[in-house]
1. Quick check on my link table: of LYS107/LYS262; LYS46/LYS119; LYS119/LYS341, which ones sit more than 18 Å apart, alpha carbon to alpha carbon?
2. Considering segment 8-416, what Rg and Dmax in Å follow from its alpha-carbon atoms?
3. Just rank LYS160, LYS46, LYS378, fewest to most, by other beta-carbon atoms within 10 angstrom.
4. Give the lysines reachable from LYS193 as a straight Cα distance under 22 Å; neighbours fewer than 8 places away on the same chain don't count.
5. Within straight cross-link reach of LYS346, meaning Cα distance under 19 Å, which aspartates and glutamates are found once same-chain residues fewer than 8 apart are removed?
6. Tell me, ILE293, ILE105 in order of fewest to most beta-carbon neighbours within 10 Å?
7. Set the Förster radius R0 to 60 Å, insert the Cβ-Cβ distance between ARG267 and THR234 as r into 1/(1 + (r/R0)^6), and round the FRET efficiency to 0.05.
8. Averaging sequence separations of C-alpha pairs under 8 Å and six or more residues apart, then dividing by the length of segment 8-416, give the relative contact order as a whole percent.
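Every number here is computed from the coordinates shown, using simple stated rules; none is lab data. These numbers were taken from a predicted model, which means no experiment stands behind them. Cβ placement follows ideal geometry from the backbone for every residue including glycine, while neighbour counts extend to all protein chains displayed.
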Amino acid sequence: MPVNARTRLPLTIMKTYLFLLSLSLALSPTHAALSLAEVELNVLRKHPSLHAAFARWQAALARVPQAAAWEDPMLGITLEQNQEMRSGIADAEVMLSQKIPISGIPKAQARVAEAEAAKAYEDLRRVRAELVMRTRVAFVAYASAHQRLELNDENRRILKDITTATRRKIETAEARLGDALQAQAEVAMLAEKRADLEREKVQARVQLNTLMQRPVDAPLEPPAPLAYDALPDTAAAFMSAALRNRPDLLIAARQIAVETEKVDLARRQRRPDPSLQVATRQFNGQGANIQEIDVGVSFPLTFFNRRKYAEAIHEAEAMREASVKELDALRLETLGLVRLKYEEAKAAGRRYLIMRDEVIPQAQKALEARAADFAARKASFLEYNAARVLLQTAQNDLFDRLAGYVAARAELQTLTQAHPVPSLAPIRAVPVP
């Protein structure tokens, strides 16, 4: 059959569509792209909540030497005027006392403060993990919306070409008015979908700007494209890593250390610490001459309050036991959470691979076959357009599956990876395009 204008129309559009499809799936943008690593670095250096947690940790460290200090010595001065000596001072007494902590209470208090400082450090890591999680989820949403907007623009451009070409063929009776109207309606539907995608991209951009402490309406560079990175075959490595690194578990373990030191402190507090007193006296206005020097020792009678101290020990032991049970429960919860996140990511990855390796190739072949049939006048425009819509839908679903997988994998990694305390020194800000 000779190649006429009707034959060239579907073949040209089909080749253009498949070329743009492969281009969007295979090529990365040539301009400088905004990477997740760069965004995370800016968030971890600038976010106030991380600086606040760092300050709380520093404050907890400052409490350690305070807790280890002895009680302040006491100085007392007593002056007495005799009625027979109306001028000057008759008697004077100077007394100095110091509590001697032979029970070891200051050292025990210091160990409690050290354990609380270690807990504050783990809380700092927890804040870091939460920021990383929020950043990754927002970045995936931003990159996904950006890529789907590019795909939407390509589909609209192709449909506009189809509409223009079809309208020209209506004049020669090689196409029907309904075909052009249907293509035009699909262009409008894509425009409506684009409005939703732009809203999603703006929301993600606002979240990223807020996390990076930038003006909420500040523009961002286009993101680096999302990529598929396969998961390990089993969740065992993730489970063991979560038990080692999850901040909530580490905080619970530090709380046990705090309560253990409080038990020791409670036991030491029932031991009486003596107070040493030294007093000097001078009588009858003898000036600098000291007539008496007294040295004394006093002990608190903790025996009469033995129930008070016994209950304090019981309270501390009960709190330690509660902390141990909470850690056991949190371990099981962590293993279950990691398993669920792993299965969620694994399922999302399988859906993406099915779309990429099976659905997309089959949809491409279906479009090629329909285009050939339409060129040979064996298929209607509606049949050809249905194949094109199938490929367009599959491509949109492919991006959705990829975004879902990357987000699930990011949540799993954040849950299981270590979160060292970052340097809070200033760094280069994310540039405004």
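1. Values: LYS107/LYS262 12 Å; LYS46/LYS119 23 Å; LYS119/LYS341 27 Å.
Among LYS107/LYS262; LYS46/LYS119; LYS119/LYS341, the Cα-Cα distance tops 18 Å for LYS46/LYS119; LYS119/LYS341.
2. Radius of gyration, then largest Cα-Cα span, for segment 8-416: 38.2, 138 Å.
3. Numbers: LYS160 14, LYS46 17, LYS378 10.
By the 10 Å Cβ count, ascending: LYS378, LYS160, LYS46.
4. Cross-link targets: LYS160, LYS201.
5. Leaving aside aspartates and glutamates fewer than 8 places away in the same chain, those within reach of LYS346 are ASP229, ASP233, ASP357, GLU358, ASP397, ASP400, GLU411.
6. Values: ILE293 9, ILE105 19.
Going from sparsest to densest Cβ surroundings: ILE293, ILE105.
7. Values: r = 46 Å, r/R0 = 0.77.
That gives a FRET efficiency of 0.80.
8. Numbers: 519 pairs, mean separation 97.5, N = 409.
With pairs under 8 Å counted, the relative contact order is 24 percent.
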